[in-house]
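The values are calculated or read from the model by the stated rules, or taken from the named source; none is laboratory data. Not measured: the values here are computed from a predicted model. Because the Cβ atoms are built from the backbone with ideal geometry, glycine has one as well, and the counts that use them run over all protein chains shown.
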Protein chains: 2
Amino acid sequence: MDAPARPLVVLAGGVGAARFLQGVVSVWPSEQVIVISNVGDDTEIYGLHVSPDIDIVAYTLAGMVDAAKGFGLLHDSFDVVESLARYGEETWFRLGDRDLATCLFRTNQLRAGRPLSAITAVIAHALGLDLTILPVTDAPLRTLVETPGGRLSFQEYFVKRRTEDEVLGMHFEGAAQASPAPGVLDAIERARAILIAPSNPFVSIDPILAVPGIREALIATAAPIVAVSPIVGGEALKGPAAKMFRSLGKEASAAGVAAHYHGLVQTLVIDALDRSLAAAIRPTGMRVAITDTIMRGPRQKADLARAALEAAGIPTLLQPAR
Amino acid sequence: MDAPARPLVVLAGGVGAARFLQGVVSVWPSEQVIVISNVGDDTEIYGLHVSPDIDIVAYTLAGMVDAAKGFGLLHDSFDVVESLARYGEETWFRLGDRDLATCLFRTNQLRAGRPLSAITAVIAHALGLDLTILPVTDAPLRTLVETPGGRLSFQEYFVKRRTEDEVLGMHFEGAAQASPAPGVLDAIERARAILIAPSNPFVSIDPILAVPGIREALIATAAPIVAVSPIVGGEALKGPAAKMFRSLGKEASAAGVAAHYHGLVQTLVIDALDRSLAAAIRPTGMRVAITDTIMRGPRQKADLARAALEAAGIPTLLQPAR
């Protein structure tokens, strides 16, 4: 009997990670891919447990995402949220009806005492996915954004206030008491390679690293760790990452990303536009791989995934042709 | 300053009560009508608090009900429930999306510690109603139906198993610990008249009477109490009432209804079809009013309401022309 294949592990936030993962599963058997998902964006909306990063990844890989909007389900309706408005509920978080069904199922199962990781497995299976999505932890972990006006929940900062506040820092509430969800440490230990998706380092990846045991496992694993820079030409392709770098007094560039992941990541994949930054990064001891990182379509997503795998030393020849 | 008008109080279950109330508010100022609603049918569906009797009354009076189906909202969609099915949830309770929004709002407010009566007031107001709907109690009170196979929740008996089980009795779980919601006893005490809607005596009205203090208040009030028989020609116009009478070894007729309400009700309104039963009822001391009780349309609903008011001794001349 063959030993189970060593997994390809991807640390993932939301939209950027979801698109990157589309590339990954187009060049690698998806049943060998384990996504370790951020849960710092999780929140309660209308009393429902929303897991935006888990869901955007699941919906995207299931081919059901509303790609134009960047979240939620394609052709979803909004009857529930519109009716809630009638009762005076704040409806700045526009949860579609089918998306709400996912959250209602999750909430109901959580109240019945099931862990988020087990519920996520049911959802992923129901959506027809054969990759594994693991929330980094089953414990409540919430990213709070420190702003001049006080701490905001991530969704307040991101959706309600449209990332307009200056960011002074992050606080990962509950992280110190959290422990990795079942399978997370094992995946990191056994991984053939670990890829950090082009997600926001501060609010997508750092909350994963904030769970006690994760950073240590990443440092201890024999697997190569490759990150894809979410900053290209000084700007984030999506979301507030570049603004956060600047707001936190850091360099909003691939070099800033390299500095952020220093000591954790062996290779950083940067965009060809940022080629000139390689000379500044390499002396820190981090390897640099240069490719086109802007994921315009399926072809570019697959190419980026291949580049990341190559940067992890996985020979392209081994990759199944698809 | 005028004293507030003495209210017209209606004890109400679901569909039959909702239709009767349409008649009542067509002949009496709705802001002077107080509905005391059964909550024994309340249940948790998908983790949401469903109050079927409150909602059917509110939706019906707001002109939003799906009259053909007898519950839920007209033109509602079912995206949430269909998506839940995908995750393996049992979906025998087909809650429409907009209907679900009402339940989600209620659940969220209950979890925030607000009482059902206050939440019901917000919902009724949002739906544009100016009558008052009071749940008989803010405490959990659940009707369990005793069957040869064991106790069933009311919705299991009614929706899932389509009233097919033999009924041996009812148990009103939580009733002994319940107390009337704010305003309920006051309404009964101050009422100009109390009408018992043509609802199922066993599962719509009895759970109201099971709340300690209600029966005593009804016996003590100076207001006349008039019930409308839900049984016509030996059959219930809607639902399992007649079957329950027989199953419980009682007479499924207006006379059976009279016996059930003996000692509480001064006048029973029965259908002209049941005219011959009046002679059997009157010797028990209960007055009988005979009219057409089948509510085919707005005209019959108004006529039935007028007949009930007249039976309560409220001169028709006082009724505002509408």
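Annotation for the stretch B:206-219: no member residue is touching a Ser or Thr at 6+ places or on another chain (Cβ under 8 Å), without any contact (Cβ under 8 Å) to a residue 24 or more places away in the chain and closer than 17 Å to B:V145 by Cα. For the criterion of being away from chain A (no Cβ under 11 Å), within 20 Å of the chain's Cα centre (by Cα) and either touching a residue at least 24 places away in the same chain (Cβ under 8 Å) or surrounded by 24 or more Cβ atoms within 10 Å (Cβ to Cβ) (or both), B:L73 fails. Among what's in the stretch A:254-270 and is under 12 Å from A:A308 (Cα atoms) and of a type outside the set (A, V, I, L, M), pick the residue that is surrounded by the fewest Cβ atoms within 10 Å (Cβ to Cβ). Only one residue fits best here, namely A:Q266. Here B:K250 meets the list (1) closer than 26 Å to B:W28 by Cβ; (2) touching a His at 6+ places or on another chain (Cβ under 8 Å); (3) of a type in the set (D, E, K, R) almost entirely, failing just condition (1). Taking A:A101, is it modelled with pLDDT of 95 or more and farther than 27 Å from A:K160 by Cα? Here the answer is no, as A:A101 does not meet what is asked. Please tell me if A:L134 is surrounded by 17 or more Cβ atoms within 10 Å (Cβ to Cβ) and free of Cβ contacts under 8 Å to residues at least 60 places away in the same chain. No.
Each row is one residue, and each column tells you yes or no for (1) over 15 Å from A:S204 (Cα atoms); (2) at pLDDT below 95; (3) more than 13 Å from the chain's Cα centre (by Cα).
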residue	(1), (2), (3)
A:R6	yes, yes, yes
A:V9	yes, no, no
A:A12	no, no, no
A:W28	yes, yes, yes
A:S37	no, no, no
A:I45	yes, yes, yes
A:A58	yes, no, no
A:G63	yes, yes, yes
A:K69	yes, yes, yes
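Looking at the stretch B:276-285, can you tell me whether even one residue there is free of Cβ contacts under 8 Å to residues at least 40 places away in the same chain and under 21 Å from the mean Cα position of the chain (by Cα)? No: zero hits.
Filter the stretch A:83-106 down to residues that are part of a helix (DSSP H, G or I) and more than 8 Å from chain B (Cβ to nearest Cβ) and give me whichever is surrounded by the fewest Cβ atoms within 10 Å (Cβ to Cβ). So the residue we want is A:A85. Taking into account only those residues within the stretch A:107-129 that are over 15 Å from B:L84 (Cβ atoms) and polar (S, T, N, Q), which is nearest to the other protein chains (Cβ to nearest Cβ)? Here the residue is A:T120. The number of residues in the stretch A:218-236 being crowded, with 18+ Cβ neighbours inside 10 Å, among the aliphatic types (A, V, I, L, M) and over 18 Å from the mean Cα position of the chain (by Cα) comes to 1. May I ask you to verify whether B:L84 is touching a Cys at 6+ places or on another chain (Cβ under 8 Å) and within 30 Å of A:L127 (Cα to Cα)? When the stated conditions are applied, B:L84 does not pass them.
What helices (runs of 4 or more DSSP H), lying completely within the stretch B:176-225, carry at least 3 residues that are charged (D, E, K, R)?
B:184-190
Taking the stretch A:252-274 as the range and being among the hydrophobic types (A, V, I, L, M, F, W, C) and part of a strand (DSSP E or B) as the test, the residues that pass are A:L268, A:V269, A:I270. Against the test of being surrounded by fewer than 19 Cβ atoms within 10 Å (Cβ to Cβ), at pLDDT below 95 and of a type in the set (V, I, T), the options B:I290, B:I294 yield a single qualifying residue, B:I294.
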